């Protein structure tokens, strides 16, 4: 099901932003100016991740219902996965009068200020050419790196990315089943990021180009970080086997070094890209004896 366009002029700007490598925040703001947030929310946040939505039967109001009740066009924020992740914090702060609720732009900006920034890590195995592209243009999700085969990016975005359930996209992303994934994985754990970057970063190097594993230290606004939550984006089904404690074991020299749970500290997501100015440091640690089991 497609999401209704509410502003054709803003859609044209969003098309240019997708094509020309705009920042993550510019693209997300463009989405909120272009599409109908209420329609998107009713499709993806209301109809059912955990059967707690309000209904004529008298079930408790969900976070989505509470956002709608605030009015002032705040339903446009349904198109912002990071904001929806942090919706409970926003509702609590709104009740305390610590964030603005006059319109969606001010609401998002005031929540961003309240939540602050977080240090995150990402490991990647790259050729020298790829590393230079990252330095210049940031770390892009597969969707932004794809060969669009003559399609306009905006049309591909509206056909494959925007209409799909966000949790379904995450499921495909986790299992590497979506060549147009809009997500970039990151971690609060430096060692896990490095081991993951080594194991999976060279997964598609069929040309056998010489590559090296790099570790990226990042500074990201908390509002942009997507965690797995009951009220918004579900964890991949793989996680259910472990009842919220999915272990990832990092090995050094063949000996168990660290067991990490893939909770919000172990793995989180960003939408579409990591901006170049969010990369604080790039290092090339020794990885010869580093491995990952999960």
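Values as computed for the structure displayed
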{"item": "Stretchable slack from residue 98 to residue 179, in nm (0.36 nm times residue separation minus alpha-carbon distance)", "result": "25.1 nm"}
{"item": "C-alpha center-to-center spacing [segment 163-188, segment 109-146] in angstrom", "result": "15"}
{"item": "Principal axes of segment 8-115: Cα extent on each, largest first, Å", "result": "47, 29, 21"}
{"item": "Cα gyration tensor shape of segment 152-231, rounded if a/c is under 1.5, else prolate or oblate by comparing a/b with b/c", "result": "oblate"}
{"item": "Three-way shape label, segment 99-148, alpha-carbon gyration tensor, a/c 1.5", "result": "prolate"}
{"item": "Folded to 0 to 90 degrees: helix 190-200 orientation relative to the chain principal axis, Cα", "result": "80"}
{"item": "Shape metrics for the chain, restricted to C-alpha atoms - Rg then Dmax, Å", "result": "19.5, 61"}
{"item": "Separation of the residue 118 and residue 165 label points, Cα + 7 Å toward Cβ, nm", "result": "2.4"}
{"item": "Calculated [θ] (222 nm, deg cm²/dmol) that DSSP helices of n ≥ 4 give over the chain, each run adding -39,500 (n - 2.57)", "result": "-9500 deg cm²/dmol"}
{"item": "Angle in degrees between helix 24-34 and the longest Cα principal axis of the chain, rounded to the nearest 10", "result": "30"}
{"item": "Extension gain from residue 26 to residue 142, taking 0.36 nm per residue of separation minus the Cα-Cα distance", "result": "39.9 nm"}
{"item": "Among 123-132, 276-285, the order from most to least packed when residues are scored by Cβ within 10 Å on average", "result": "123-132, 276-285"}
{"item": "FRET efficiency for residue 70 and residue 251, using Cβ-Cβ distance with R0 set to 45 Å, rounded to 0.05", "result": "0.40"}
{"item": "Fewest-first ranking of 293, 62, using other Cβ atoms within 10 Å as the exposure measure", "result": "293, 62"}
{"item": "Using a Förster distance of 45 Å, the FRET efficiency for residue 8-residue 293 (Cβ separation, nearest 0.05)", "result": "0.35"}
{"item": "Rounded tilt (10° steps) of 104-115 against the dominant C-alpha axis of the chain", "result": "50"}
{"item": "Sites residue 105 and residue 284 - FRET efficiency at Förster radius 35 Å, r taken between beta-carbons, to 0.05", "result": "0.30"}
{"item": "Estimated inter-spin distance, residue 200 and residue 130, nm [label 7 Å along Cα→Cβ]", "result": "1.4"}
{"item": "Theoretical gain in end-to-end length, residue 212 to residue 263 [0.36 nm per residue, Cα-Cα removed]", "result": "15.6 nm"}
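Throughout, read-outs are computed from the coordinates displayed, never taken from laboratory work. Note that the structure is predicted; figures quoted are calculated from it, not measured. Note that each Cβ is placed from the backbone with ideal geometry, even for glycine, and that neighbours are counted across all protein chains shown.
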